[in-house]
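The values are calculated or read from the model by the stated rules, or taken from the named source; none is laboratory data. This is a predicted model, so every value here is computed, not measured. In this analysis, Cβ positions are derived from the backbone assuming ideal geometry, glycine residues included, and neighbour counts consider all displayed protein chains. Only protein heavy atoms, including side chains, enter the accessible area calculation; ligands, DNA and RNA are left aside. Shrake-Rupley method; radii C 1.70, N 1.55, O 1.52, S 1.80 Å.
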Amino acid sequence: MSASTEGNARAAGYAPHPYVGGRTAALRALAAWRMRWPGAPRVIVLTGNPGSGRSRLLTGFLMMCDPEYRKQLPMDDLDPATVPPDLPAPAVPSAAGRTAAQVLWLLADHFELAAGRTEDVFAELAARDEPVTIVVPDVDQAGPVRAAEEAARVVREVLTPLAATETVQLLADVPRELATELAGALPASQVQVIDLDAPEWSDPKGLVLHAETALDAGSGAPEVPYTTDPAARRALAEALAARAAGSRLTVQLAVQSLLMQPEGFDPADASQLPTNVGEALDLHARRLGADPQTLRLMLAPLAFAEGDGLPVQLLGTLANAVAGRDMSQDLADGMLLAAPFIQPVEPSSEDDEDGTGEDGTGEDGTGEDGTGEDAQAGADDGRTLLRLMHPALAEEIRSGLPDVRDTQTRIAMALLEEVPQQDWAQADPYIRDHLAAHTLEAGLLPQLLTDPGLFAHADPVILRAAIEAVPLEQLGAPARTYLRTAPLLTRSQASATLRAAFLESAFVEDGLAPYAEALHTRGFRLPWRTLWSVPLAGVRAVTTGSVAAAGEDGTAVSRSVAALLVPEGTPGSRTLPDAADGAVASQDGTAAGEDAGAVNGDGAAAAGGRTALLLHDLRAPEYVDADPSQVVQPSEEDRAAAPLGFSRGADYLRVWTRADRRMVAALVSDSPVTDADLSPDGVLVVATERGVTARQILVAAPSAAPSVPAQRTGTTDADASHGLEGDHS
């Protein structure tokens, strides 16, 4: 198949694809791939220069692969060799804005796999009796943080293993610099690279048709000779296509410029037609009597924008920062100048599609608890974002700046100054979520990662991706704690308040008590205060109680303790007589049927021989040297009279009021819960594979009941180093 098939298709009287408008050779190759035609490759890597039309081609092809959408297309008028068979639609996990792990878990959900680890996904797909068809578009736009270079991880961690799976029929839209790597991982007989800029796949006639259609006055273009006269329109379209050297984007920008301001354009003057994206910008500015550099400075903030786009109210602030001068008048006078290169975009209504939404709420949609975060959660609603028409525009503008890192530094500083009193609860959602991405490219991210308030308020998927792009040795202790906790934050889809609560415990666990305490001063109404944490391995059971101790005046006093059942030989512990093994039993208050396997002393002894008891002060970070036989546990009457009860599962606990069963705390653990107990006065002691932690439950008003974090079932967090584990869309 080659570009010569374009002419053959037209000679046969076939209509062009109504959306693609050409690309017959490529469409034929894609149709043969979908049909599994003898000799067709199992894997196709689609690539080309930015602006070559890869996304448009793939979109047009997927239209014909969707059983419902193809009913709206003139299928009988198209070249039959370009029409894929009428089969169920393929899986299409777009990589745009997603991490490699997110893309993989989208696939796992689509095929309803029971995989708990990334390698299990590929193994389950390989074990299928029937092949599966997967199309992965927009790999060049992968990742929530541009500077983190997530596209390479998508290729290496997702696409390459998929391509190596014999039961997978794969089509991927990949940047040229990664296309060779992906294709080179397979035998030549199994893979085909379609480079839309290569002579055999180029479509010069389709590009002319694209320009001619866009110039047609019947499509809404202003009525001037080169839009109303078919011959003049065709001549201009051919000239545009010839100058653009195959770039669909260059033609698109040139046409938009002409149609927005047709005065002063001479279609016979080829020097007014751009040869690339940069010339499209500069020629447009000169034709409107403006300085091309001014136009580029106006657009520069959008060239650095992260996520869906830049809030319009931040455009002036960042333009001033980039230019180093007041750009307000330029922006006020320059909307017509910038319009062909900008598109407004409303915030996505699918905020939770990839996990925690940018509004900081959990999957259950529950807002916050009186800390002002409800207003923050809705701050994105109804406001307009701006972005450039194409990522290639951003690359062109960025490449024209003298120092990208310096520009990002000025942008980051300007954004930081926009945070009221450095209170992240009041920060613009864009600043809260994307400041880390700007500071990453500026080389300043480690300096930013010292504010626990930012850790709690920022979107954990985005912040995690930015931090993981920094070498670990450059990160301070708080950032390392955040990185350790991030899989839990993304997996649970916790709200900002619960993120703060999980981080508060993590800081105590890592010996960073001042950071934990700071979270209690940031306006959060946290469900607990973490009292202490010890990294004890092998704790088999816990209970709360008291022992007699000598007071300061020598009189006997009762000291509240946590009794930990540990392996014999644990430093500071005392071996229990066999008859006493059952003395430490789980008292989790679990309702019938809810206990997910609490461990008591008898079970511990049976599982691992003799055991010992280690006593720890219930409220202070210190061990207690006392006779284990003197431990007095709360009576059943004491527990029944206590205001709080709790229930637990394999890796979560819920604390509720006994009076009205109102939940006051929800804890999700990043490792399995071994045992837990709740003292009558509300101290929750939890033992996991990581260690033991004590939290004082802070009972809030009834209106402040926390939401239950979303739980991922049937999977582990064994792959908790990258992306978004378990937060399946």
Inter-residue pairs, beta-carbon under 7 Å, first basic (Lys, Arg) and in segment 559-586, second part of a loop (DSSP other than H, G, I, E, B) and at pLDDT 90 or above, 6+ apart: Arg559/Val624
Cβ-Cβ under 6 Å pairs, at least 6 apart or on other chains, segment 451-476 side closer than 20 Å to Ser492 by Cβ, far side open to solvent by 10 Å² or more (accessible area, probe 1.4 Å) and among the basic types (Lys, Arg): Gly453/Arg522
Selection within segment 533-560 - surrounded by fewer than 20 Cβ atoms within 10 Å (Cβ to Cβ), modelled with pLDDT of 85 or more and of a type in the set (S, T, N, Q): Ser546, Ser558, Ser560
Residue in segment 237-245 that is farther than 18 Å from Ala392 by Cβ and open to solvent by 40 Å² or more (accessible area, probe 1.4 Å) present: yes
Residue in segment 520-532 that is open to solvent by 20 Å² or more (accessible area, probe 1.4 Å), at pLDDT below 95 and of a type in the set (S, T, N, Q) present: yes
Cβ-Cβ under 8 Å pairs, at least 6 apart or on other chains, segment 506-533 side free of Cβ contacts under 8 Å to residues at least 40 places away in the same chain and more than 19 Å from Glu622 (Cα to Cα), far side open to solvent by 20 Å² or more (accessible area, probe 1.4 Å) and not small (Gly, Ala, Ser): His520/Arg529
Failed criterion for Leu618 (all others in (1) of a type outside the set (Gly, Ala, Ser); (2) surrounded by fewer than 16 Cβ atoms within 10 Å (Cβ to Cβ); (3) closer than 21 Å to Leu531 by Cα hold): (2)
Residue within segment 697-710 that is modelled with pLDDT of 95 or more, over 30 Å from Val121 (Cα atoms) and open to solvent by less than 50 Å² (accessible area, probe 1.4 Å) present: yes
Residue satisfying all of: in segment 88-110; open to solvent by 60 Å² or more (accessible area, probe 1.4 Å) and assigned to a loop (DSSP other than H, G, I, E, B); nearest to Pro161 (Cα to Cα) among these: Val92
Residue in segment 367-388 that is among the polar types (S, T, N, Q), at pLDDT below 95, in a helix (DSSP H, G or I) and crowded, with 23+ Cβ neighbours inside 10 Å present: yes
Complete set of residues in segment 47-87 that are of a type in the set (Asp, Glu) and outside any loop (DSSP other than H, G, I, E, B): Asp76, Asp77
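Residue by residue, here is whether (1) surrounded by fewer than 23 Cβ atoms within 10 Å (Cβ to Cβ); (2) out of contact with any helix residue (DSSP H, G or I) (no Cβ under 8 Å at 6 or more places or on another chain) holds:
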{"site": "Glu112", "(1), (2)": "yes, yes"}
{"site": "Phe122", "(1), (2)": "yes, no"}
{"site": "Ala126", "(1), (2)": "yes, yes"}
{"site": "Ala142", "(1), (2)": "no, no"}
Scope segment 24-33; condition open to solvent by 10 Å² or more (accessible area, probe 1.4 Å) and touching a residue at least 60 places away in the same chain (Cβ under 8 Å); matching residues: Thr24
Matching residues, segment 402-450, being surrounded by fewer than 24 Cβ atoms within 10 Å (Cβ to Cβ), within 21 Å of the chain's Cα centre (by Cα) and of a type in the set (S, T, N, Q): none
Near pairs, Cβ below 8 angstrom, 6+ apart or cross-chain, from segment 108-120 (farther than 15 Å from Val168 by Cα and hydrophobic (A, V, I, L, M, F, W, C)) to any residue that is assigned to a loop (DSSP other than H, G, I, E, B) and open to solvent by less than 90 Å² (accessible area, probe 1.4 Å): Ala114/Gly714; Ala115/Thr715
Number of positions in segment 280-301 that are open to solvent by 10 Å² or more (accessible area, probe 1.4 Å) and either over 19 Å from Glu396 (Cα atoms) or touching a residue at least 24 places away in the same chain (Cβ under 8 Å) (or both): 8
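In segment 86-102, what residues are among the hydrophobic types (A, V, I, L, M, F, W, C) and more than 16 Å from Trp33 (Cβ to Cβ)? Full working, then the answer.
Residues of segment 86-102 that are among the hydrophobic types (A, V, I, L, M, F, W, C), as a first pass: 87, 89, 91-92, 95-96, 100-101.
Hits for segment 86-102 are Ala95, Ala96, Ala100, Ala101.
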Scope segment 652-683; condition of a type in the set (Lys, Arg) and either at pLDDT 95 or above or in a strand (DSSP E or B) (or both); matching residues: Arg654
Subset of segment 309-331 (residues that are in contact with a Ser or Thr (Cβ under 6 Å, 6 or more places away or on another chain), in contact (Cβ under 8 Å) with a residue 40 or more places away in the chain and farther than 16 Å from Leu393 by Cβ): Val312
Scope segment 151-165; condition open to solvent by 10 Å² or more (accessible area, probe 1.4 Å) and either within 20 Å of the chain's Cα centre (by Cα) or at pLDDT below 95 (or both); matching residues: Ala151, Ala152, Arg153, Arg156, Glu157
All positions within segment 451-461 that are in a helix (DSSP H, G or I) and open to solvent by 10 Å² or more (accessible area, probe 1.4 Å): Val461
Matching residues in segment 256-279 - criterion: being over 26 Å from Leu401 (Cα atoms) and either surrounded by fewer than 23 Cβ atoms within 10 Å (Cβ to Cβ) or among the acidic types (Asp, Glu) (or both): Leu259, Met260, Gln261, Pro262, Glu263, Gly264, Phe265, Asp266, Pro267, Ala268, Asp269, Ala270
Residues of segment 389-433 satisfying the condition of being more than 28 Å from Thr250 (Cβ to Cβ) and either charged (D, E, K, R) or in a loop (DSSP other than H, G, I, E, B) (or both): Arg405, Asp406, Arg410, Glu417, Glu418, Val419, Asp423, Ala427, Asp428, Arg432, Asp433
Neighbours by Cβ (under 7 Å, 6+ apart or cross-chain): first from segment 182-204, closer than 11 Å to Ala163 by Cβ; second assigned to a loop (DSSP other than H, G, I, E, B) and β-branched (Val, Ile, Thr): Leu182/Val174
Residue match in segment 205-217 (condition: out of contact with any helix residue (DSSP H, G or I) (no Cβ under 9 Å at 6 or more places or on another chain), open to solvent by 30 Å² or more (accessible area, probe 1.4 Å) and within 21 Å of Ser52 (Cα to Cα)): no
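Is it fair to say Asp308 is under 20 Å from Val145 (Cα atoms) and either among the charged types (D, E, K, R) or open to solvent by 10 Å² or more (accessible area, probe 1.4 Å) (or both)?
yes
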Qualifying position, being out of contact with any Pro (no Cβ under 6 Å at 6 or more places or on another chain) and either of a type in the set (A, V, I, L, M) or closer than 18 Å to Glu396 by Cβ (or both), among Thr250, Thr275: Thr275
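For segment 626-641, how many residues meet the condition of being assigned to a loop (DSSP other than H, G, I, E, B) and without any contact (Cβ under 8 Å) to a residue 40 or more places away in the chain?
Of the residues in segment 626-641, 1 are assigned to a loop (DSSP other than H, G, I, E, B) and without any contact (Cβ under 8 Å) to a residue 40 or more places away in the chain.
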